[in-house]
Amino acid sequence: MRISLKLIGRCMISCIFVFLTQFALSIVPRFFAASSLLIQLPLSALLLLVLLGAGRCCRRFLGVYASAPAFVFFNLLFIWGVYIVILRKVISPLMGIVLNGEIVMLIIGLYSILSSDPGFVTSRSSCSDNHAEDSFSEDEAHFEGSFSSRRVRYCKSCKAYVKGFDHHCPAFGNCIGQKNHVLFMVLLVGFVITEASYIMDSFKFATKFQKMDETGQETSLSENLVISTMLFCLLQVLWQGVFLTWHIYCVCVNIRTDEWINWKKYPEFQIIIPIQPGLSSEGRRFRNPYNKAKIKCPTTTP
């Protein structure tokens with residue numbers, strides 16, 4: 001019961017923070033209506049950073065914690081609500097069916113990846129947290145070596161070993177491993193496509209009411225919300241596009257994000273460079289033993 005109440009409280013905090021964020025973003029088109037999107041976009045990004053900093057301060061000083069998956073879910077619901085109340089009246093029924101279907105599939109995907117098994121390895125579930133986090137101890141190194149060919153890595157967030165561990169995704173509330181990596185990629189592509197569809201529909205709405213703005217008529221809250229949610233989705237597409245490109249590259253060269261960042265922890269990703277004249281110790285260089293596509297990865301200096 002205590003855990004359930006704690007989870008409900010975090011979800012409520014996330015919902016409140018979503019409303020505050022979205023309505024705060026509507027200030028940008030309200031006071032900068034005459035500015036272009038190229039000016040409104042960085043202003044929206046700056047405002048989001050300020051709100052993110054305020055949220056971290058509340059967590060640090062007030063002990064108020066939110067749920068990242070709930071934040072993603074309520075943002076999705078908010079954008080869907082803006083579409084149903086405002087955008088649905090000005091776009092074609094076909095585009096409406098497409099957007100509704102995309103959002104429904106995203107909600108199903110969010111639940112699926114939140115409850116999915118990324119590939120947890122339970123053979124070491126009895127080990128202590130301190131022992132598991134110390135990756136440089138002798139026994140831990142032996143354990144990592146014994147699972148080297150299986151590519152089992154430790155997740156500090158879940159305090160568990162995951163086969164094919166890529167990273168822990170706070171937005172989806174789960175590890176990304178061998179069993180749910182395909183679902184993660186599909187869901188990431190789905191977010192990019194859905195947000196791009198919403199941007200197209202909201203841009204048509206903004207273009208339609210542009211003439212009213214030029215006559216000096218004050219824009220309403222609904223129009224500001226459409227434009228602010230369009231800016232929000234545009235910012236999401238920008239970073240998610242880079243994120244998706246990175247993961248496509250990792251699939252092509254058969255490497256995980258954790259392996260790329262922490263390759264010095266895993267012996268199979270290291271090439272020992274012998275001591276050379278002028279060097280006092282051995283050096284290590286990165287190599288990818290799992291790359292069968294013959295795509296070169298950048299090397300790292302000793």
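The values are calculated or read from the model by the stated rules, or taken from the named source; none is laboratory data. Computed from a predicted model, the values in this text were never measured in an experiment. Quick reminder, even Gly has a Cβ in these numbers, built from the backbone with ideal geometry, and neighbours come from all protein chains shown. Only protein heavy atoms, including side chains, enter the accessible area calculation; ligands, DNA and RNA are left aside. Shrake-Rupley method; radii C 1.70, N 1.55, O 1.52, S 1.80 Å.
Observations, loosely collected:
Each row is one residue, and each column tells you yes or no for (1) within 22 Å of Ala70 (Cβ to Cβ); (2) crowded, with 21+ Cβ neighbours inside 10 Å; (3) modelled with pLDDT under 90.
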site: Ser148; (1), (2), (3): no, no, yes
site: Val152; (1), (2), (3): no, yes, no
site: Ser157; (1), (2), (3): yes, no, yes
site: Val162; (1), (2), (3): no, yes, no
site: His167; (1), (2), (3): yes, no, no
site: Ile176; (1), (2), (3): yes, yes, no
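- Identity of the residue in segment 100-128, farther than 15 Å from Leu187 by Cα and surrounded by 15 or more Cβ atoms within 10 Å (Cβ to Cβ), that ends up modelled with the lowest pLDDT: Cys127
- Only a single item in (1) more than 25 Å from the chain's Cα centre (by Cα); (2) at pLDDT below 90; (3) β-branched (Val, Ile, Thr); (4) open to solvent by 80 Å² or more (accessible area, probe 1.4 Å) is not met by Val85, and it is number (2).
- Of the helices (runs of 4 or more DSSP H) lying entirely inside segment 1-93, the ones with 2 or more residues being touching a residue at least 24 places away in the same chain (Cβ under 8 Å) and more than 27 Å from Lys208 (Cα to Cα) are found at 2-25, 37-57, 68-85.
- The set of residues in segment 229-275 being assigned to a helix (DSSP H, G or I) and hydroxyl-bearing (Ser, Thr, Tyr) consists of Thr229, Thr245, Tyr249, Thr257.
- With respect to the conditions (1) at pLDDT below 90; (2) more than 30 Å from Leu76 (Cα to Cα); (3) surrounded by fewer than 16 Cβ atoms within 10 Å (Cβ to Cβ), Arg284 falls short on a single one, namely (3).
- Residue within segment 11-19 that is more than 20 Å from Leu225 (Cα to Cα) and either modelled with pLDDT under 85 or not aliphatic (A, V, I, L, M) (or both) present: yes
- Taken together, the residues in segment 53-82 that are at pLDDT 90 or above, of a type in the set (Val, Ile, Thr) and out of contact with any Leu (no Cβ under 8 Å at 6 or more places or on another chain) amount to 1.
- Scanning segment 249-273 for residues that are open to solvent by 70 Å² or more (accessible area, probe 1.4 Å) and touching a residue at least 12 places away in the same chain (Cβ under 8 Å), we see that the one that is farthest from the chain's Cα centre (by Cα) is Ile272.
- In segment 227-238, the residues that are touching a residue at least 60 places away in the same chain (Cβ under 8 Å) form Cβ pairs under 6 Å with partners that are open to solvent by less than 30 Å² (accessible area, probe 1.4 Å) and not in a helix (DSSP H, G or I), at six or more places apart or across chains, as follows: Ser228/Ser26.
- Qualifying residue in segment 210-224 (condition: at pLDDT 95 or above, part of a helix (DSSP H, G or I) and open to solvent by less than 20 Å² (accessible area, probe 1.4 Å)): no
- Search result, residues across segment 28-71 that are surrounded by fewer than 19 Cβ atoms within 10 Å (Cβ to Cβ), over 25 Å from Lys204 (Cα atoms), within 17 Å of the chain's Cα centre (by Cα) and of a type outside the set (Gly, Ala, Ser): Leu49, Leu52
- Residue list for segment 88-99, filter: open to solvent by 60 Å² or more (accessible area, probe 1.4 Å) and over 21 Å from Val186 (Cα atoms): Arg88, Lys89, Pro93, Leu94
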